[in-house]
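Novice: One structure, pasted below without further comment.
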Amino acid sequence: MSTPTGKTAAPLAGRRAQAARNDEVILEAARAVFLDDPKAPIAAVAERAGVGISALYRRYAGKEDLLRQLCHDGLRRYIAEAEAALAEPDDWAAFVGFLARVVDADVHSLTVHLAGTFTPTEEMGRDAVRAGELATALVERAHASGRLRPDAVVQDLGLLLEGCAAVRVPDPERTGQLRRRQLAVLLAGLSTAADADPLPGPPPAAGEFDWRWRRRE
């Protein structure tokens with residue numbers, strides 16, 4: 001990795017390297033533990049990660065901080081994938097590729113399981129706004145391509161992604177296959193077709209699902 005001066009930065013060593021490894025292991029363990037049971041104690045994360053509870057508390061003050069970090073990491077991944085998609089010249093391919101990568105990253109399992117379990121920060125709020133802007137741009141491009149049905153709205157994406165995230169079997173590889181299949185089925189319903197019936201009911205409104213991010217006591 002290069003520094004602003006052009007020199008190559010030295011790799012992390014000693015305690016810093018160990019701390020970085022611990023943090024990665026802790027976050028992977030926390031994701032697995034809390035997706036299985038959002039009410040699990042933080043000690044369960046330390047046990048799954050194979051680290052002492054003191055190592056966990058040196059990085060995170062408590063369970064809420066850990067939950068917040070997991071969800072913010074997922075939000076950042078969503079933003080990164082949307083930004084990458086907007087660089088794709090084909091409007092429909094950009095839209096489809098974005099959804100496929102977000103499904104593969106399993107970002108929305110965090111939304112489904114952890115919303116309301118912590119208080120979001122102002123930075124998360126700003127990133128959520130940014131994510132919405134990027135998703136809107138992708139939907140507008142998909143509409144412009146003529147491939148996305150005109151009555152589909154950006155809020156439909158969240159429901160589509162949550163529907164894919166709900167597909168889960170014990171085998172992770174099979175889960176991925178089934179989610180991709182479900183995404184293909186849902187995309188077929190969103191693509192234009194001469195004989196397609198209008199989508200039923202009023203479309204989801206902006207902010208209609210924000211209530212679930214309010215902290216539940």
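The values are calculated or read from the model by the stated rules, or taken from the named source; none is laboratory data. No experiment lies behind these values; they were computed from the predicted model shown. With ideal geometry, Cβ positions are generated from the backbone for all residues, glycine too; neighbour counts draw on all protein chains shown. Keep in mind that these areas ignore ligands, DNA and RNA; they rest on the heavy atoms of the full protein, side chains included. Shrake-Rupley method; radii C 1.70, N 1.55, O 1.52, S 1.80 Å.
Novice: First measure r as the distance between the Cβ atoms of ASP36 and ARG16, then evaluate 1/(1 + (r/R0)^6) with R0 = 30 Å and state the FRET efficiency to the nearest 0.05.
Specialist: For ASP36 and ARG16, the calculated efficiency is 0.45.
Novice: Another question about this same structure. Please list, by residue number, every one of the trypsin sites (Lys or Arg not before Pro) in region 166-200 that is coil in DSSP and has at most 16 other beta-carbon atoms within 10 Å.
Specialist: Sparse-neighbourhood loop trypsin sites (Lys or Arg not before Pro): ARG168.
Novice: What is the distance, in nm, between label points placed 7 Å from the Cα along the Cα-to-Cβ direction at GLU162 and at ALA184?
Specialist: 2.6 nm
Novice: Given the peptides 142-148, 124-130, arrange them by the average over their residues of other C-beta atoms within 10 Å, most packed first.
Specialist: Those peptides, ordered most packed to least, come out 142-148, 124-130.
Novice: Report, to the nearest whole %, how much of the accessible area of region 28-79 belongs to carbon and sulfur atoms, 1.4 Å probe, protein only.
Specialist: Answer for region 28-79 is 48 percent, counting heavy atoms of protein chains only.
Novice: For GLU173 and ALA205, FRET efficiency with R0 = 30 Å and r from the beta-carbon atoms, rounded to 0.05?
Specialist: Efficiency at R0 = 30 Å is approximately 0.20.
Novice: Of the options ALA144, VAL154, VAL185, report the single residue whose Cα projects farthest towards the positive end of the charge dipole of region 137-189 (beta-carbon charges: Lys, Arg +1; Asp, Glu -1).
Specialist: After comparing all options, I get VAL185.
Novice: Same structure again: Between ALA61 and ALA80, what is the label-point separation in nm under the 7 Å Cα-to-beta-carbon projection?
Specialist: According to this spin-label approximation, the distance is 2.6 nm.
Novice: In the set (1) 54, 34, 31; (2) 69, 31, 29; (3) 63, 49, 36, which value of Cα extents along the principal axes in Å was calculated from the structure you see?
Specialist: Entry (3).
Novice: Additional query: If you fit an axis through the alpha-carbon atoms of helix 122-144 and take the longest principal axis of the Cα set of the chain, what angle between them do you get, 0 to 90°, nearest 10?
Specialist: Between the helix axis and the principal axis of the chain, the angle is about 30 degrees.
Novice: Next question, about the same structure. What number, in percent, do you get for the relative contact order of region 145-214 if the mean sequence gap of Cα pairs under 8 Å and at least 6 apart is divided by its residue count?
Specialist: 50 percent.
Novice: What number do you get for region 35-130 when its Cα radius of gyration is normalised by 2.2 N^0.38 Å, N = residues?
Specialist: Ratio of Rg to 2.2 N^0.38 Å for region 35-130: 1.28.
Novice: Right, something else. In whole Hz and in residue order, list the ³J(HN,Hα) couplings for region 165-181 that follow from phi through the Karplus curve 6.51 cos²θ - 1.76 cosθ + 1.60, θ = phi - 60°; x for Gly and Pro.
Specialist: Along region 165-181, the couplings run 5, 5, 7, 8, 10, x, 8, x, 5, 5, 4, x, 5, 5, 5, 4, 5 Hz.
Novice: How much of the pair distance distribution for region 73-117 lies past 17 Å, counting alpha-carbon pairs only, in percent?
Specialist: 34 percent
Novice: Moving on. What list of ³J(HN,Hα) values in whole Hz, one per residue of region 32-37 in order, does the Karplus curve 6.51 cos²θ - 1.76 cosθ + 1.60 (θ = phi - 60°) give from phi, with Gly and Pro shown as x?
Specialist: Here the 3J(HN,Hα) series is 5, 5, 7, 5, 6, 7 Hz.
Novice: Which whole-Hz ³J(HN,Hα) couplings does region 44-59 yield from phi under the Karplus relation 6.51 cos²θ - 1.76 cosθ + 1.60, θ = phi - 60°, glycine and proline marked x?
Specialist: 5, 5, 4, 5, 5, 6, x, 10, x, 4, 5, 5, 5, 5, 5, 9
Novice: If I stretch the segment between ARG214 and SER145 completely, what's the gain in nm (0.36 nm per residue apart, minus their alpha carbon distance), one decimal?
Specialist: Working it through step by step, the gained length comes to 21.2 nm.
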